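Visitor: What follows is a single structure, and I will ask about it in a moment.
No value in this document is a laboratory result; all are computed from the given coordinates. No experiment lies behind these values; they were computed from the predicted model shown. Cβ placement follows ideal geometry from the backbone for every residue including glycine, while neighbour counts extend to all protein chains displayed.
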């Protein structure tokens with residue numbers, strides 16, 4: 001039985017581990033780029049659609065991705081923005097960032113499967129997401 005007169009001390013970390021910093025920087029780059037691209041495609045979807053139809057904009061799989069419409073891109077933009085916000089929180093050693101990041105990334109992995117007809121499950125994306133989540137999870141003890 002614990003002695004109620006003894007105070008429990010909680011360890012408060014002030015220095016962010018180097019690997020956590022590296023993970024956050026990679027997330028800043030990936031989610032920041034994703035947010036920018038998806039906001040751009042979502043807000044200017046009709047212009048991109050016209051460029052695609054005239055042949056001025058083309059790359060493999062663009063027709064499948066554009067079939068999701070502006071709703072797909074705007075939803076993705078919100079999720080990438082949430083992922084980025086989660087990384088900012090984790091950079092500042094806030095545990096809420098881990099949960100925000102995890103939810104956003106899982107939903108981002110499922111987004112094309114749900115919103116684009118006949119889209120195959122993105123196994124590689126999901127595996128990379130799982131790896132980042134597990135690595136971030138390792139540092140939850142450093143966050144408050």
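Visitor: For residue 65, put the label point 7 Å out on the Cα→Cβ axis and report which residues of region 108-132 keep their amide N under 17 Å from it.
Guide: Residues 108-126 qualify, since their backbone N sits under 17 Å from the label point.
Visitor: Only Cα pairs under 8 Å and at least 6 apart count here; give the relative contact order of the chain as a rounded whole percent. Don't jump to the answer; show the numbers that get you there.
Guide: On the way: 141 pairs, mean separation 38.4, N = 144.
Relative contact order comes out at 27 percent.
Visitor: Can you compute the helix-only [θ] at 222 nm over the chain? Use -39500 (n - 2.57) per DSSP H run of at least 4 residues, normalise by all residues, nearest 500 deg cm²/dmol. Intermediate results must be reported in sequence, preceding the final value.
Guide: Numbers: 6 runs with 99 residues, N = 144.
For the chain, the value works out to -23000 deg cm²/dmol.
Visitor: Return the Cα extents of the chain along principal axes one, two and three, sorted largest first, each rounded to a whole Å.
Guide: Largest to smallest, the principal-axis extents are 75, 26, 22 Å.
Visitor: While we're here: Suppose the chain between residue 56 and residue 14 were pulled fully straight at 0.36 nm per residue; how much longer would it get relative to their current alpha carbon spacing? Could you put the intermediate results ahead of the total?
Guide: Details: separation 42, 0.36 × 42 = 15.12 nm, distance 5.11 nm.
Answer, rounded to one decimal: 10.0 nm.
Visitor: Counting other C-beta atoms within 10 Å, which of 15, 50 has the fewest, and how do the rest follow?
Guide: Values: 15 9, 50 12.
Result, fewest neighbours first: 15, 50.
Visitor: Which angle between 0 and 90 degrees, to the nearest 10, do you get for helix 96-115 versus the longest principal axis of the chain when only C-alpha atoms count?
Guide: Relative to the chain, helix 96-115 is tipped by roughly 30 degrees.
Visitor: Using only the alpha-carbon atoms, how far is helix 18-43 inclined from the longest principal axis of the chain? Give it as 0 to 90 degrees, nearest 10.
Guide: 30 degrees
Visitor: Using Cα atoms only, what is the angle between the long axis of helix 69-91 and the major principal axis of the chain, expressed in degrees (0 to 90) to the nearest 10?
Guide: 20 degrees
Visitor: By per-residue mean of other Cβ atoms within 10 Å, what is the highest-first order of 91-104, 111-124? Walk me through the numbers on the way to the answer.
Guide: Numbers: 91-104: 17.5, 111-124: 12.4.
Packing proxy ranking, top to bottom: 91-104, 111-124.
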